[in-house]
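Every number here is computed from the coordinates shown, using simple stated rules; none is lab data. As the structure is a prediction and not an experimental result, all values here were calculated from the model. Glycine also receives a Cβ, built like all others from the backbone with ideal geometry; neighbour counts cover every protein chain displayed.
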Ligand SMILES: Nc1nc2c(c(=O)[nH]1)N[C@H]1C(S)=C(S)[C@@H](COP(=O)(O)O)O[C@H]1N2
Ligand SMILES: [Mo]
């Protein structure tokens, strides 16, 4: 790996990524200890001539790009750079924001998970929390820096016994919005099940009772007012995805 490991969760993601690599030879190559003979076994390329070696290296590099994409961290900022007021955006006006009742709220969990119990807000708040100051980028041409706090989503997925080899996580929101992400994005160390904004309970306009905050994805992939989460191998699409957007940032 060219990336130094800077974050405890990042180490977990690296382990996770290696776990996904089926061939022990591939794993050894990434650890930097694979021989030329091993390289030919791994890629199925004849590396005795330069063209073969080139092809083999290209295959490895493509794989590395994927691994790097999983590990790429979005920049973080000091609190002094937070945009105030942080903009509101949705497919409707601010006076139509859904009002969710905190006491009766239950987060539903379904699909490829071991524990399907529905979560109260108190239970979610009792999980270990972290926060981050990152830039939110909207396809409509604006961006803003904000501070979100909550549960690292990878930790939540492990806690509910999600099948981490499944392909997608789908989100259903209480305003008829819906979206989905792939598992590598779900396990990214900066993907947060956010319960707070700027140190306060997440306000209604920013997605009370919770939103998924991902600085590595465009704004519309960050669902607010999450009501239900499901783990699946069938691509669930999304409100904007189904209209042709793919959800990647310009570096993706
Ligand atoms: N439930 C829900 N989530 C949503 C949306 C929405 O309309 N409904 N809009 C998305 C878009 S396009 C953006 S830019 C952000 C805006 O989040 P903000 O209001 O916190 O700035 O929410 C995203 N998540
Ligand atoms: Mo957006």
Relative contact order as a percentage, the stretch 79-243, C-alpha pairs under 8 Å and 6+ apart, gives 27
Label zone at residue 243 (point 7 Å along Cα-to-Cβ), backbone N below 15 Å, the stretch 204-219: 219
Once residue 204 and residue 95 are pulled to full extension, the length gained, defined as 0.36 nm per residue separation minus their Cα-Cα distance, is 38.2 nm
Per its Cα gyration tensor (rounded if a/c is under 1.5, else prolate when a/b beats b/c, else oblate), the stretch 79-243 is best filed as rounded
Residue 102-residue 127 FRET efficiency (beta carbon distance; Förster radius 22 Å; 0.05 resolution): 0.85
Give me the one-decimal nm value for the distance between modelled label points at residue 110 and residue 86, 7 Å along each residue's Cα-to-Cβ direction. 3.0
